Amino acid sequence: NAGVTQTPKFRILKIGQSMTLQCTQDMNHNYMYWYRQDPGMGLKLIYYSVGAGITDKGEVPNGYNVSRSTTEDFPLRLELAAPSQTSVYFCASSHPGGQFFGPGTRLTVL
Amino acid sequence: GQQLNQSPQSMFIQEGEDVSMNCTSSSIFNTWLWYKQEPGEGPVLLIALYKAGELTSNGRLTAQFGITRKDSFLNISASIPSDVGIYFCAGPNNAGNMLTFGGGTRLMVKP
């Protein structure tokens, strides 16, 4: 199993640009999550999904959108990038024993 | 909402020393999770605790689920340089569909 994979690893955006962060898991987990981690801080939940077709807001959803058309994929969309969205983004999937994280996408908005 | 407070925020220790860190909450958790994050990587699950009073080991790591269910401790014995990283505690909400993370304890080990 590859586990949780994320692309791209790094990205620089200009203010107002849009992009999609990709996340895929091959463990057949129903639950998937998107977090952001600012420098020196813990993780904050952006959105989560309990299964295909179902998504819910987390702690900091503003400025982001998600979709879950399949069990495997959970892309995160930024429509109008802002400097405040400069962060490292982690996708995760879970089973009852805990969450498993991808390697992260480092996003800089200039 | 639920909040988890970790202490200390950072530690700088000598190789071979034992390390102790903790995580506290004002509300009860039914599960405690401990993660380690190395630079440039995502968090990796180290230990999961499911029962108050439970003591679980993973190699040189030992974690305990506090009796009050409002705290948890992680100990690392005989630290080595590869123990460097940020250690996060986390706990699920009552529905079990979201995790709350603590702010992390940054561990640095001097060879």
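Overview of results
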{"read-out": "Qualifying residue in the range A:74-95 (condition: of a type in the set (D, E, K, R) and within 24 Å of B:Tyr35 (Cα to Cα))", "value": "no"}
{"read-out": "The range A:56-79, subset within 11 Å of another protein chain (Cβ to nearest Cβ) and free of Cβ contacts under 8 Å to residues at least 24 places away in the same chain, residue least open to solvent (accessible area, probe 1.4 Å)", "value": "A:Asp56"}
{"read-out": "Flag for A:Tyr31 being more than 10 Å from chain B (Cβ to nearest Cβ) and of a type outside the set (Asp, Glu)", "value": "no"}
{"read-out": "Top-ranked residue of the range A:97-110 - restricted to ones that are open to solvent by 10 Å² or more (accessible area, probe 1.4 Å) and more than 8 Å from chain B (Cβ to nearest Cβ), ranked as nearest to the chain's Cα centre (by Cα)", "value": "A:Arg106"}
{"read-out": "Contacts under 7 angstrom Cβ, first residue in the range A:80-109 being at positive phi, partner hydroxyl-bearing (Ser, Thr, Tyr), 6 or more apart", "value": "A:Gly104/A:Tyr89"}
{"read-out": "Number of positions in the range B:63-83 that are open to solvent by less than 10 Å² (accessible area, probe 1.4 Å), among the β-branched types (Val, Ile, Thr) and part of a loop (DSSP other than H, G, I, E, B)", "value": "0"}
{"read-out": "Residue within the range B:42-56 that is more than 14 Å from chain A (Cβ to nearest Cβ) and either of a type in the set (Val, Ile, Thr) or surrounded by 21 or more Cβ atoms within 10 Å (Cβ to Cβ) (or both) present", "value": "no"}
{"read-out": "Some residue of the range B:21-36 being away from chain A (no Cβ under 14 Å), of a type in the set (A, V, I, L, M), over 14 Å from the mean Cα position of the chain (by Cα) and crowded, with 16+ Cβ neighbours inside 10 Å", "value": "no"}
{"read-out": "Filter result (β-branched (Val, Ile, Thr), open to solvent by 70 Å² or more (accessible area, probe 1.4 Å) and part of a strand (DSSP E or B)) within the range A:1-55", "value": "A:Thr7, A:Ile12, A:Ile54"}
{"read-out": "Qualifying positions in the range A:16-36 - of a type outside the set (Phe, Trp, Tyr) and in contact (Cβ under 8 Å) with a residue 60 or more places away in the chain", "value": "A:Gly16, A:Gln17, A:Ser18, A:Met19, A:Leu21, A:Cys23, A:Gln25, A:Met27, A:His29, A:Met32"}
{"read-out": "Any hit, the range B:9-19, residues being touching a Leu at 6+ places or on another chain (Cβ under 6 Å), open to solvent by less than 70 Å² (accessible area, probe 1.4 Å) and more than 14 Å from chain A (Cβ to nearest Cβ)", "value": "yes"}
{"read-out": "Residue that is nearest to the other protein chains (Cβ to nearest Cβ) [pool: residues in the range B:84-111 that are surrounded by fewer than 19 Cβ atoms within 10 Å (Cβ to Cβ) and closer than 13 Å to B:Glu38 by Cβ]", "value": "B:Arg106"}
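The values are calculated or read from the model by the stated rules, or taken from the named source; none is laboratory data. The structure presented is a predicted model; accordingly, all values stated were derived computationally and were not measured. Cβ sites come from the backbone with ideal geometry, for glycine too, and all protein chains shown count toward neighbours. Note: accessible area is taken over every heavy atom of the protein model, side chains too, but ligands, DNA and RNA are not part of it. Shrake-Rupley method; radii C 1.70, N 1.55, O 1.52, S 1.80 Å.
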